[in-house]
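The values are calculated or read from the model by the stated rules, or taken from the named source; none is laboratory data. Only a predicted model underlies this, so the values are computations on that prediction, with no experimental measurement involved. Don't worry about glycine lacking a Cβ; one is built from the backbone with ideal geometry, like all the others, and counts go over all protein chains shown.
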Amino acid sequence: MTDDRRAHWESCYAEAASTAPEALPFLSAHAHELPASGRALDLACGRGGNALFLARHGLQTAAWDYAESAIAGLARAATGLPLQAECRDVIAQPPAPESFDVIVVAHFLHRPLFPALAAALRPGGLLFYETWCGPYAGRGPQNPAFRLAPGELAAAFPALSLLQMQEDTDRAAGLWRR
Ligand SMILES: C[S@@+](CC[C@H](N)C(=O)[O-])C[C@H]1O[C@@H](n2cnc3c(N)ncnc32)[C@H](O)[C@@H]1O
């Protein structure tokens, strides 16, 4: 199953248009919360719109995804920026404890990783998490395992302080500080 999913993402990125990937509006709206320096991670980054945003902000940015084609494209787009794109299975190799000042996760959901994400923040660090929520109604994944239940994200990181939460009929986004 994991290999099937990985092949699915590889073929998506191989066919993807070469338009510049964009950052989440939720991330850019809260850019004033970002530290001026430090280490950032875009986990399951895809084409890396959020990683590029963090690196342009001046953060030493890691971008991890297991789709080689996405990582290769991001590495090209990141020329001259403090961004290291790495082909990595984030479930097999989650971030180490207290290793990042900012972590962004967008449109990726693997619930057993939640405690490791909280622990991977340095004291004072920020976690941005946005993904699909509620029953499928035409957007995002159809598999309910990859969709948050309503209200689930707000309770997902009890070890962190919740700063912002936005939830509508099909997306939820949150910002926490350790
Ligand atoms: C819906 S895309 C989201 C990409 C990006 N975060 C965005 O919002 O545009 C999900 C991404 O998760 C990646 N992914 C899924 N499982 C993964 C795993 N175990 N390790 C690394 N990347 C994974 C896929 O390759 C894909 O790029």
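Worth a mention:
- Screening Ala96 against (1) in contact with a helix residue (DSSP H, G or I) (Cβ under 7 Å, 6 or more places away or on another chain); (2) within 24 Å of Ala155 (Cα to Cα); (3) hydrophobic (A, V, I, L, M, F, W, C); (4) buried (at least 16 other Cβ atoms within 10 Å of the Cβ) leaves a single unmet condition, (4).
- Residue count for the stretch 140-157, restricted to those that are outside any helix (DSSP H, G or I), under 24 Å from Thr2 (Cβ atoms) and not acidic (Asp, Glu): 8
Conditions (1) within 9 Å of the ligand (Cβ to nearest atom); (2) outside any loop (DSSP other than H, G, I, E, B); (3) under 24 Å from Asn143 (Cα atoms), marked per residue:
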{"site": "His32", "(1), (2), (3)": "no, yes, no"}
{"site": "Ala36", "(1), (2), (3)": "no, no, no"}
{"site": "Cys45", "(1), (2), (3)": "yes, no, yes"}
{"site": "Thr61", "(1), (2), (3)": "no, yes, no"}
{"site": "Arg76", "(1), (2), (3)": "no, yes, no"}
{"site": "Ile91", "(1), (2), (3)": "yes, no, yes"}
{"site": "Val102", "(1), (2), (3)": "no, yes, no"}
{"site": "Phe114", "(1), (2), (3)": "no, yes, yes"}
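- Among the residues of the stretch 130-158, those that are surrounded by 17 or more Cβ atoms within 10 Å (Cβ to Cβ) and out of contact with any Phe, Trp or Tyr (no Cβ under 8 Å at 6 or more places or on another chain) comprise Cys133, Gly134.
- Which numbered condition Tyr136 misses (of (1) over 17 Å from the mean Cα position of the chain (by Cα); (2) away from the ligand (no atom under 16 Å from the Cβ)): (2)
- Close Cβ contacts (under 6 Å, 6 or more residues apart or on different chains) running from residues in the stretch 104-119 that are touching a residue at least 12 places away in the same chain (Cβ under 8 Å) to residues that are of a type in the set (D, E, K, R) comprise Val104/Asp42; Ala106/Glu130.
- Meets criteria (crowded, with 19+ Cβ neighbours inside 10 Å and farther than 14 Å from Gly125 by Cα) for Ala70: yes
- Selection status of Phe157, modelled with pLDDT of 95 or more and in contact with a helix residue (DSSP H, G or I) (Cβ under 9 Å, 6 or more places away or on another chain): yes
- Filter result for the condition that a residue is out of contact with any Lys or Arg (no Cβ under 8 Å at 6 or more places or on another chain) and aromatic (Phe, Trp, Tyr), over Phe100, Phe114: Phe114
- Residue ID - surrounded by the most Cβ atoms within 10 Å (Cβ to Cβ), chosen from residues in the stretch 1-30 that are small (Gly, Ala, Ser) and either part of a loop (DSSP other than H, G, I, E, B) or touching an Asp or Glu at 6+ places or on another chain (Cβ under 9 Å) (or both): Ala23
- Members of the stretch 31-43 found to be surrounded by fewer than 23 Cβ atoms within 10 Å (Cβ to Cβ) and among the small types (Gly, Ala, Ser), listed by number: Ala31, Ala36, Ser37, Gly38
- Here Phe53 passes the criteria (1) free of Cβ contacts under 8 Å to residues at least 40 places away in the same chain; (2) near the ligand (Cβ under 10 Å from one of its atoms); (3) within 15 Å of the chain's Cα centre (by Cα) except the one numbered (2).
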